[in-house]
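Report on one structure; see the data block that follows.
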Amino acid sequence: MRRVGLLPAGFLKTDPEGQARIAAFLDSLGKLGWNDGRNVRIEVRWPRNEIDPIKVEATALVDSAPDAIVVSSNPALDALRSLNKTIPVVFVQVSDPVGSGFVSSLSRPDGNVTGFQNFEPAVGGKWLGLLKEGVPSVVRVGVIVHPDAAAQFDFLHAAEAVAPSLGIQVSPISVRDEDETRRGIVEFANTPDGGLIVLPHPGNIDNRSLLIDLLARLRLPAIYPFRYFATAGGLMSYGFDQIEQWRGAAGYVDRILRGARPADLPVQAPTKYDLVINLKAARGLGLAISPSLLATADEVIE
């Protein structure tokens, strides 16, 4: 009986989005011949979105000595790497794995870690440009930054680099928990003509209902990194299909269980990004999204 541990940081056990990712992983693993309870034992740990609970669950997984671990998010991968240098680790939804020190290179990861990259740092500028195109009146943009993940600052710097050409002033909103997130956004909203970039981070994923409701109340437009933010009521999102990464992770776990080394499995990056616009949210903010931007959207929610 082989054993695989899963650490889907950013999603609580009751979150349908988290369950959808685990289901996709198990389905793909089953199609490759591995069935939970028959020839592989799957252990899922659902940490609360705080560093200490993530470390506790990561420690429990490492102590159980599985044949492989699948982990999502930079903070959770960072916690695992500090505990383990031998158990193969496949990551998903991790930003800038080279710059964050998780792998030596994308083509030759080296060590015991490989997986599926989240976003290139340059997408920070793309988010800013899309927000400006959707809301031309925006001249101030706050970027919600969690300082526990170094890649967050790469997104911020990319946005700052293109901001002058768009006539926008970019400001970081540094947060560590739900209370800081609420206070930082409310303070930023006190000055008009503002907008927000919500970066990919377990804290923002876990608090997405808070973010969407608060920004709607403050009439503050924002762009988010994943589709489920827009379908839940956010103005717009630009990102890739995370569930496909979990399916890809199952393929890598299959190869590892059959003898492959993580060092020989290249890190893969998303190849397709989707722009989703929620017109109901736009109307609630009193915005009229330009026909040209709507024409480029992959999905428009009425």
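The values are calculated or read from the model by the stated rules, or taken from the named source; none is laboratory data. Computed from a prediction, not measured in an experiment: that's the story for all the values here. We place every Cβ from the backbone using ideal geometry, glycine too, and count neighbours over all the protein chains shown.
Is it true that Asp213 is of a type in the set (Asp, Glu), in contact with a strand residue (DSSP E or B) (Cβ under 8 Å, 6 or more places away or on another chain) and either free of Cβ contacts under 8 Å to residues at least 60 places away in the same chain or not assigned by TED's automatic domain parsing to the domain that holds Asp110 (or both)? Criteria not met by Asp213.
Here Asn207 fulfils each of the conditions (1) over 23 Å from Ser73 (Cβ atoms); (2) touching an Asp or Glu at 6+ places or on another chain (Cβ under 8 Å); (3) not β-branched (Val, Ile, Thr) apart from (1). Within region 84-116, being modelled with pLDDT of 95 or more, in a strand (DSSP E or B) and not aromatic (Phe, Trp, Tyr) holds for Val89, Val90, Val92, Val113, Thr114, Gly115.
Restricting Arg41, Arg81 to those that are surrounded by fewer than 22 Cβ atoms within 10 Å (Cβ to Cβ) and modelled with pLDDT under 95 reduces the list to Arg81. Cβ-Cβ distances below 7 Å connect the following pairs, each with a first residue in region 159-170 that is over 17 Å from Asp193 (Cβ atoms), a second residue that is outside any helix (DSSP H, G or I) and modelled with pLDDT of 95 or more, and a separation of six or more residues or different chains: Glu160/Val170. Working only within region 57-90, note down all residues that are in contact with a helix residue (DSSP H, G or I) (Cβ under 8 Å, 6 or more places away or on another chain), without any contact (Cβ under 8 Å) to a residue 40 or more places away in the chain and under 24 Å from Pro147 (Cα atoms). Hits for region 57-90 are Thr59, Ala79, Leu83, Asn84. All conditions but one from (1) in contact with a strand residue (DSSP E or B) (Cβ under 9 Å, 6 or more places away or on another chain); (2) not in a helix (DSSP H, G or I) apply to Val62; the one that does not is (2). Among the residues of region 8-38, the one identified as part of a helix (DSSP H, G or I), of a type in the set (Asp, Glu) and under 20 Å from Glu50 (Cα atoms) is Glu17.
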